[in-house]
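Novice: What follows is a structure written as structure tokens; I'll ask about it next.
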Amino acid sequence: MSPPIPASREVPAAPGPLLLDTLGRPLRDLRISVTDRCNFRCVYCMPKEVFGKDYAFLERNALLRFEEITRLARVFQRLGIEKIRLTGGEPLVRRNLEQLIAMLGELPGLDLTLTTNGSILAKKAQALKAAGLKRVTVSLDALDNATFMRMNDVDFPVERVIEGIDAAAAAGLGPIKVNMVVKRGVNEHGIVPMAKFFRERGHILRFIEYMDVGATNGWRLDDVVTAREIVAMIGAEMPLAPADANYTGEVAERWRYTDGSGEIGVIASVTQAFCRDCTRARISTEGKLYTCLFASAGHDLRTLLREGASDDELEQTVRAIWTRRSDRYSEIRTSQTVQVKKIEMSYIGG
Ligand code: SAM
Ligand code: SF4
Ligand code: SF4
């Protein structure tokens, strides 16, 4: 049986009252998916067999417009959000994304970042920086083309992602983080080479345990290379020591090289769930609010926006949703929950 859940409550905190869910978790960061489309077909996210040429992506009018996203961001800021990450799908395939970044950049005190597959970053890095983007996280799963192409499944070469990372660094979009999803039997041989490569470049590499997101990637627990294994593999060649979290709720566990040459992160979403500190909400491409990455349903904010709801009404709606939140999927994952149909990551935003 689950432990008793404390009643929801609001405690005063500057500048406004802190909004807490039923497990006492504040709402602090927001991920916004700006498109459900992507130019990659990563096997763990948008497998080709499902996201083929007949796949029905959202129509243009279904997508939240930039004004709508900005308005929601402002409302969420009133509720305590300090950080927004734009994601997708591949956010850089959304036309004129720089415009959205400039609009969000006007919100005072907002920490604005973006996660990208890096494929068009070389072309866009300067414009993104000029629009007001602070940092980027780039996903890259291998350094050898055979493995990387097997994972992105569109024959996209590693070199162009590296060019994107270099361009982002040159544009001042750092510190840059690089995300590597590790799938057993596919790319774990790349763990140590990736660690060496990004240690030399001075970027923070973060290893993500392969997750059972969505309903299409055919996830099996056996395919997960655990964070413990990853740390052991790297530590055997380049000694590591645990480092303190930068802030409460940081999902990556930090490890630093003992010779002072940098750090890595491991995101053990499967083997060491961190739901108790999860302060994250997500807005899908079509404007639904999800309070967990593994949710099967969201709350429609787009209709409210388009039917003329005021900022106060939107705020009250989100407040009501968050105060009822009790999600802790990863802590209670079982072979049964894995079977439940969940929303796809490309739509909800990773
Ligand atoms: N297209 C962008 C990218 O790949 O960086 C942003 C969206 S993607 C859904 C966000 C992050 O989720 C990426 O770092 C990706 O590797 C990660 N991801 C996708 N599917 C995953 C899975 N099944 N398990 C773990 N991480 C996953
Ligand atoms: Fe596209 Fe990112 Fe998903 Fe890969 S992980 S298919 S790049 S959205
Ligand atoms: Fe947060 Fe849901 Fe992930 Fe738990 S499973 S950390 S509640 S998103």
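Novice: Hand me the list of strands (runs of 3 or more DSSP E) wholly inside the range 1-66 holding 1 or more residues that are at pLDDT 90 or above, farther than 12 Å from Gly80 by Cβ and of a type in the set (A, V, I, L, M, F, W, C).
Specialist: Output list reads 29-33.
Novice: Regarding Lys177, is this residue under 21 Å from Leu72 (Cβ atoms) and not small (Gly, Ala, Ser)?
Specialist: Against the criterion (under 21 Å from Leu72 (Cβ atoms) and not small (Gly, Ala, Ser)), Lys177 does not qualify.
Novice: Further question on the same structure: Which one of Phe197, Phe148, Phe156 is aromatic (Phe, Trp, Tyr) and more than 23 Å from Met238 (Cβ to Cβ)?
Specialist: Just one listed residue meets the conditions, Phe156.
Novice: Considering each of Gly174, Gly164 in turn, give the residue that is at pLDDT below 95 and small (Gly, Ala, Ser).
Specialist: Gly174
Novice: Exactly one of (1) closer than 30 Å to Asp222 by Cβ; (2) out of contact with any Phe, Trp or Tyr (no Cβ under 9 Å at 6 or more places or on another chain); (3) exposed (fewer than 13 other Cβ atoms within 10 Å of the Cβ) is unmet by Ala320. Its number?
Specialist: (1)
Novice: Further, regarding this structure: What strands (runs of 3 or more DSSP E) completely inside the range 152-251 contain at least 1 residues that are touching a residue at least 12 places away in the same chain (Cβ under 8 Å) and within 16 Å of ligand 1 (Cβ to nearest atom)?
Specialist: 177-182, 204-209
Novice: Can you name the number of the only condition in (1) part of a loop (DSSP other than H, G, I, E, B); (2) buried (at least 21 other Cβ atoms within 10 Å of the Cβ) that Ala281 fails?
Specialist: (1)
Novice: Related question: So in the range 324-340, with the set limited to residues that are within 20 Å of the chain's Cα centre (by Cα) and among the charged types (D, E, K, R), which one is modelled with the highest pLDDT?
Specialist: Within the range 324-340, the match that is modelled with the highest pLDDT is Arg325.
Novice: Residues that are within 15 Å of ligand 1 (Cβ to nearest atom) and in contact with a Ser or Thr (Cβ under 8 Å, 6 or more places away or on another chain), at least 1 per element: which helices (runs of 4 or more DSSP H) completely within the range 288-348 meet that?
Specialist: 345-348
Novice: Aliphatic (A, V, I, L, M) and in a loop (DSSP other than H, G, I, E, B): which single residue out of Leu143, Leu128, Leu92, Leu114 fits that description?
Specialist: After ruling out the rest, the residue left standing is Leu143.
Novice: Which of (1) assigned to a loop (DSSP other than H, G, I, E, B); (2) away from ligand 2 (no atom under 16 Å from the Cβ) does Ser269 not meet, given it meets every other one?
Specialist: Result: Ser269 fails condition (2) only.
Novice: Criterion first (more than 16 Å from ligand 1 (Cβ to nearest atom) and modelled with pLDDT of 95 or more) does Phe76 satisfy it?
Specialist: For Phe76, the condition - more than 16 Å from ligand 1 (Cβ to nearest atom) and modelled with pLDDT of 95 or more - is met.
Novice: Which residue, of Glu250, Glu263, is over 30 Å from Ala62 (Cα atoms), within 14 Å of the chain's Cα centre (by Cα) and acidic (Asp, Glu)?
Specialist: Only one candidate passes the filter, namely Glu250.
Novice: Does Ile321 count as under 30 Å from Leu100 (Cα atoms), within 16 Å of ligand 3 (Cβ to nearest atom), over 17 Å from the mean Cα position of the chain (by Cα) and at pLDDT 90 or above?
Specialist: yes
Novice: Turning to a different aspect of this structure: State which residue pairs qualify: first residue over 30 Å from Tyr329 (Cα atoms) and free of Cβ contacts under 8 Å to residues at least 24 places away in the same chain and inside the range 257-270, second residue aliphatic (A, V, I, L, M) and buried (at least 17 other Cβ atoms within 10 Å of the Cβ) in any location, beta carbons under 7 Å apart, and separation of 6 or more residues or different chains.
Specialist: Sorted first by the residue in the range 257-270, then by its partner, the pairs are Thr258/Leu240.
The values are calculated or read from the model by the stated rules, or taken from the named source; none is laboratory data. Since this is a predicted model, take the numbers as computed values, not measurements. In this analysis, Cβ positions are derived from the backbone assuming ideal geometry, glycine residues included, and neighbour counts consider all displayed protein chains.
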